[in-house]
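Have a look at the structure below before the remarks.
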Amino acid sequence: MPALYKRFVSTIALSLLLNTSFLIAQPLHSRWDELTASDWPKALKESNETCILPIGILEKHGPHVPIGSDLIKVREWAARATKREYAVVFPDFFYGQINEARHQPGAFALPERVVWDLLEATCDEIGRNGFKKIVIINGHGGNPEMIRYFIQTRLEKQRNYAVYFFEAPKDSIYVNNLKVLHKSNQAGDQHAGERETSELLFLRPDLVKMDSAKNQSGENQRRLAIPNVYTAIHWYASFPNHYAGEGAAASQKLGEFLTEHTVSNLANALKAIKADTKTLQLQNEFFNRVLK
Ligand SMILES: [Zn+2]
């Protein structure tokens, strides 16, 4: 029965074809949660034991950009940069210092010690999984002081990993492009203002409500003016709407430039960090000299 035989052969051939399509090598994913456990040795090798910890926050961003803007930014920076320079990316982490937004809906402000312990335990767990280099990237203006102090205190106890903090430079490329693309007052453009709204317009236009950008004021209200003094309430005193700048001036073009500027610098930093052997070596040398 040649016709039936032919059909049998073609069925076998088709199923082989379909099955081999699953065997075609998939790219090595960057996100920790998208890797399989069997990918781990390859991910450690390809990343040179480098893991990015992107830190965002959940807080009001004026009346027009999403609560998770800072998380969306760091997530996108990491995803885009690791396509150019491979590293593993820790999944969404939005626990940081955000007490100043507690009067606004959507703020997720954990107790100070929980935030600290969570950051420390997260780094320790990343280290326990084989990463010697942890690169923090941050999307939230209220976090850098905490992150710097966290990194300084990594010299308190010896660990078998080093923590790096990446921040995009405000170099001449940045300054010159801003001169051309930026429309509102640069000094007042801080939180959910022209720059940040532009970034979100570029990354997630579906989440930006441009027609609401003028519903509240993002102007500095200067309600507290003690020269050269830092207080906990300073941000609320200036920006009670949790909005600083003019979101209405935003453009996708500016957002595209800002994103590319951060991503290209992050990819360069990753390359340098992956090649770096000095940081951990000096860290170990230091601990060998600390009196026990
Ligand atoms: Zn933000």
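Couple of notes before you dig in:
- The Cα atoms of region 25-99 define a convex hull whose projected area, averaged across directions, is 5.9 nm².
- Under a Gaussian network description of the chain, with springs only between Cα atoms under 10 Å, the residue in 242, 234, 182 that fluctuates furthest is 234.
- A DSSP coil position with no more than 12 other Cβ atoms inside 10 Å describes the following trypsin sites (Lys or Arg not before Pro) in region 21-125: 102.
- Between the Cα long axis of helix 112-128 and the first principal axis of the chain there is an angle of about 30°, rounded to the nearest 10.
- Check: region 133-292 dipole with +1 on Lys, Arg Cβ and -1 on Asp, Glu Cβ, in debye: 640 debye
- Student exercise, the chain dipole from Lys, Arg, Asp, Glu Cβ charges, in Debye to nearest 20: 600 debye
- Most mobile of 244, 267, 168 in a GNM of the chain (Cα contacts under 10 Å): 168
- Anisotropy class of region 35-150 from Cα gyration tensor, a/c 1.5 cut: prolate
- Extension gain (nm, one decimal) between residue 121 and residue 35, 0.36 nm per residue minus Cα-Cα: 28.9 nm
- Legend: distances between Cα atoms for 83/214; 60/183; 132/179; pairs beyond 30 Å are 83/214; 132/179.
- Whole-Å distance, taken between Cα centres, linking region 211-252 and region 81-129: 25 Å
- Oblate is the label for region 157-292. Its Cα gyration tensor axes, ordered a ≥ b ≥ c, give a/c of at least 1.5 and b/c at or above a/b.
- Between residue 153 and residue 256, the contour length at 0.36 nm per residue exceeds the Cα-Cα span by 33.5 nm.
- Using C-alpha pairs under 8 Å with a sequence gap of at least 6, the mean separation divided by the residue count of the chain gives a relative contact order of 21 percent.
- For the chain, calculated [θ]222 nm from helices alone, where every DSSP H run of n ≥ 4 adds -39500 (n - 2.57): -14500 deg cm²/dmol
- Neighbour cut-off at most 11 other Cβ (10 Å), DSSP loop, trypsin sites (Lys or Arg not before Pro), region 176-239: 222
- Apportionment of accessible area to carbon and sulfur, the chain, percent (1.4 Å): 56 percent
- For the chain: rounded, prolate or oblate by the Cα gyration tensor [a/c cutoff 1.5]: oblate
- Solvent accessible area, Å² - residue 122, 1.4 Å probe, full protein context: 20 Å²
The values are calculated or read from the model by the stated rules, or taken from the named source; none is laboratory data. The structure displayed is predicted, hence computed values, not measured ones. Cβ coordinates were reconstructed from backbone atoms using ideal geometry, including for glycine residues, and neighbour counts include every protein chain displayed. Each accessible area value is taken on the protein alone, full model and side chains, heavy atoms only, with ligands, DNA and RNA left out. Shrake-Rupley method; radii C 1.70, N 1.55, O 1.52, S 1.80 Å.
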